[in-house]
Amino acid sequence: MHLEARRMGDSLIVRLKGELDLHSAEAFRAFVREQLAASDRIRNLILDLRAVPFIDSSGVGAILGRYKEIREGRAGRLIALGPRVPVRRVLAMSGLLRVMDIAETQQEALAMAKEGKRVP
Amino acid sequence: MIDSASTPLARGRVAWLRRRGRRGPTDGAPDNGGPRLMTAIHLWWLPALIGFALGRAAVFGVLVPFGSAFCVALAAQGRARRAAAAAMGALIGGWTIPSSLWASVPGTPWTAPLPLVGMIVALAALKRRRGAGLAAAAGAWVAGALRLGIVALVGGDLLAAGVTAAAELAAAIALLPAAGLFGARPAPLRHGQIVSLLALTGFSLIGLEGIGWQGFALASFLARALVLLASLVGGPGFGAAAGAGLGIATFLTEVPLAAFTRPVWAAAVLPAAGLLAGLGALGGKPGAAAGLLVGHLLLTPLAGTGLEIGTAIFECLVAAGCLALVPNAALRRWAERLPGTPERERLHREGEREARARAEEQLQRVAAVFAELSQTFTPQDGAGQEQEKATDRYVARVIDAVCRGCSQYRLCWERHGYETFRDLLDAAAAAGREGQLSMHVLPSGLRQRCIKPPQLAKAVARVVDAMRVEAYWRTRLEASRELVPRQLAGIASIIAGVADQMERIALPAAAAAEEQSWAPRYDVDVSVLQTTPDPDSVSGDCFRRVDLGPGKVAFLLSDGMGTGPRAAAESEAAVAMLQRFLEAGFDLEFAVNTINSVLLLRSSDETYATLDACLVDLTDGTVQMLKVGAAPSFVRRGQEVEVVRAANLPVGILTRVDTEVVTRRLEAGDIVVMVTDGALAACRARGDREEALRRTVERVDPPDAQRVVDLLSARLRSRANPAEDDITVVAFQLAERGRRPQRQAEPRLHWRPSRRQARRTVADAESPAAKESAGRSASQ
């Protein structure tokens, strides 16, 4: 899996490329942790899932961990950017869509983050 | 019959004694004066009376074993004073045996003091820390040996003396439970105590034989009164038992074996009369009395003369009259001490209810304590003040680093103090935004006033960076401090929830019995498939079948996040907790919410587990399904396959779990298939995996749980790429009870165990604990 991070204001945008599964979940977890630890000003996490074809339960678990970190440590918001239909179905099935928002474009994701509405 | 300390009169006396600051009736030495006399009377009158009756009780006019047996039993139970009183009574009783029997009872009257000897021996044995049984045996054995010696000395039937000695020993052991009731606090009676009491009463009645007036026999009257009493307090069973016991006692009294008419009639009529009186007791005292009379009248053909019948009827009427005087409250109190009576059941239920209420109250108190502690540990909201302090610290550090000692200090901080302060805040914001700061991006006012802009820019950047690190660690510290109140609040909420459920989980005995009266209509046939991607690792999925009493079974499935031992530990912990809650009688939703609260209390370890629970009622085929973050299930009813899904998060993420219990009514032949998401992932190459699984379940014809699993197993084996996640498929099918071979004792495992698990299984099988745990984890 290929991972890239970019900071925009108080949002961290993480772009994922490849399957988020048992093999890549740990790398994703470590990468995002490192990025978040670099700055305490980051409040929102935007996961760019446009290039992710599949997520399994380990991937869901890794996203859940980031959700907890963002919610508890930073009172921020978790946003999924452009997930494909199969991925969207997994997110819905695992209940993640109850705690994270979906944006179709980066501008929309940043606008959501700017609203600053806290997730439950 | 029981210790008179339990009677209201005695309790009143005890209260009177206590009001005067003196001790109540115990076996210990009383204090002084008048109360001492009253206490002494209270201690000895009943044992003395019984001892008197037993001392003169002669079985068939030959054997007199009961006096010493009773004294020995009392002494062996540690009732020394009562035993002494009984021994005195037995001594007098032994001397008052009718003179007509002196010739037939061996050793009379020289053997009369033997109860005293037996008592002393038993007390001595007890003092040497022997058990009650051994002390009683020692006392009876010595008394019996002395009896033989006396008879050998004074002359008499040695065989009869030997039989008496043996009967003494047996009776002492038999009377031990009844002797233990003297001086004991009123408590529900056990069956052994009831039988022993009945024997004591019967033996006493033998001793009262011959006491009467104008044809009115005291023993006969008491036998009828006691049968009536037993019928009233215990119903037909107790009435018949008392009648049988006392009838046999009456049978043992008479000497001339040829004239058995009256004892035989009494032995036959009393059980029947007791039974009928017990049935009549449903109509109260008049009904019981009528039952007693009818019993006597029905068996008149067995009776001797009309006079005997008339006497018996008269005795019945007198007994009924006496019983009519006994208050109903007293009868209820006695009934409460007998096993199996409605009064005892009611008392038991009331006791349970009170205990539950007390436990609930106690739990609520504990919950309140934790809530209070949580409040105490909650950090006060001082975010605004903290921000102010941080600003002050920032400015002070910049001043210390650059401005202190500067020739322009007065210009910047006295004449333009506010502007400098505002410009420094802007500079900090810029440094925070960009991560660094050059002198060119300093606010223009500051650039104009400051004579050392490069140093200032560096100092601002350095201080902002240092404070950012400090803030980060402060936040971490506060987060960990907040963990304590959060955990305390969580514990408080769990305890309060358990307290709320206390009333619900403990069904009244009657309701539980009613529930159990519905026999299960269905059996359930289970097939399980479990695979792991790594043959050297354990499955991260956990499945367990839990039998929840008659007619209820639960299937619990959990998928730990990821694979391997850590995932296995997570899923097993979740399933084990859910199992415990369900076995304790909590409902599914409460159990899942509590597990969620418990998992929330843990550290922030990223380990989660899904929960998939099916609760099957085998009496009517109802299935309750609850999913928390779990993959969909498939319910096949007839030819239709329904997908049951719930889009919610696993437990341990949010403070409240959004659960919904889905209920379906199944018939025989219907199948429920539960899967973990590994099974769904294994179908991903075929498009809509959920639909693919649904079609697989639909295709099996005729519907059969094992074939569903076989088909899925074949499909997974045929895949080109091996599974990457743990896979568990559980299929269970309802079947009419007894219509097909029952296979649910052991779920069928289509499990490809890993090498490590196989090795562990072999090792476990050789360990002693293996058998014990095999039953619990048969489905694993």
Inset, instruction - Taking B:A457 as the residue in question, decide whether it is touching a residue at least 12 places away in the same chain (Cβ under 8 Å), more than 60 Å from the chain's Cα centre (by Cα) and more than 14 Å from every other protein chain (Cβ to nearest Cβ). - result: yes
Inset, instruction - Give the range A:12-27 a look and list any residue that's over 19 Å from A:G95 (Cβ atoms) and free of Cβ contacts under 8 Å to residues at least 60 places away in the same chain, or say none. - result: A:L12, A:V14, A:R15, A:L16, A:K17, A:G18, A:E19, A:L22, A:H23, A:S24, A:E26, A:A27
Inset, instruction - Answer with yes or no whether A:R88 is more than 12 Å from the chain's Cα centre (by Cα), within 14 Å of chain B (Cβ to nearest Cβ) and either modelled with pLDDT of 85 or more or more than 29 Å from B:G432 (Cα to Cα) (or both). - result: yes
Inset, instruction - Please name all residue pairs, on different chains or six or more residues apart, with Cβ atoms under 8 Å, provided the first residue is in the range B:636-647 and is within 14 Å of another protein chain (Cβ to nearest Cβ) and the second residue is hydroxyl-bearing (S, T, Y). - result: B:V643/B:S633; B:V644/B:S633; B:R645/B:S633; B:A646/B:T659; B:A647/A:S94
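How about the range B:635-667: which of its residues are of a type in the set (S, T, Y) and closer than 21 Å to A:V99 by Cα?
Once the filter is applied, which keeps residues that are of a type in the set (S, T, Y) and closer than 21 Å to A:V99 by Cα, the range B:635-667 yields B:T655, B:T659.
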Inset, instruction - Given the conditions (1) surrounded by fewer than 17 Cβ atoms within 10 Å (Cβ to Cβ); (2) assigned to a helix (DSSP H, G or I), report the number of the one that B:I451 does not fulfil. - result: (2)
Legend entry - Members of the range B:356-375 that are of a type in the set (A, V, I, L, M) and within 18 Å of the chain's Cα centre (by Cα): B:A357, B:A359, B:L363
Legend entry - Restricting the range B:595-623 to residues that are modelled with pLDDT under 80 and of a type in the set (V, I, T), the residue that is nearest to B:R636 (Cα to Cα): B:T607
Legend entry - Conditions (1) on the phi < 0 side of the Ramachandran plot; (2) among the hydrophobic types (A, V, I, L, M, F, W, C); (3) within 14 Å of chain B (Cβ to nearest Cβ); number of the one not met by A:A75: (1)
Inset, instruction - For A:E26, indicate whether it is within 14 Å of chain B (Cβ to nearest Cβ), of a type in the set (D, E, K, R) and closer than 21 Å to B:N648 by Cα. - result: no
Inset, instruction - Could you please let me know if B:S196 is polar (S, T, N, Q) and closer than 30 Å to B:E343 by Cβ? - result: yes
Inset, instruction - Go through (1) within 23 Å of B:Q487 (Cβ to Cβ); (2) within 14 Å of chain A (Cβ to nearest Cβ) one by one and return the number of the condition B:S633 breaks. - result: (1)
Inset, instruction - Scan the range A:37-55 and give yes if some residue there is in contact (Cβ under 8 Å) with a residue 12 or more places away in the chain, under 12 Å from the mean Cα position of the chain (by Cα) and facing chain B (nearest Cβ under 10 Å), otherwise no. - result: no
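From B:S68, B:S100, grab the single residue that is out of contact with any helix residue (DSSP H, G or I) (no Cβ under 9 Å at 6 or more places or on another chain) and either in a helix (DSSP H, G or I) or touching a residue at least 40 places away in the same chain (Cβ under 8 Å) (or both).
Exactly one residue qualifies, and that residue is B:S100.
The values are calculated or read from the model by the stated rules, or taken from the named source; none is laboratory data. Computed from a predicted model, the values in this text were never measured in an experiment. Here the Cβ is made from the backbone with ideal geometry for all residues, glycine too, and neighbour counts use every protein chain on show.
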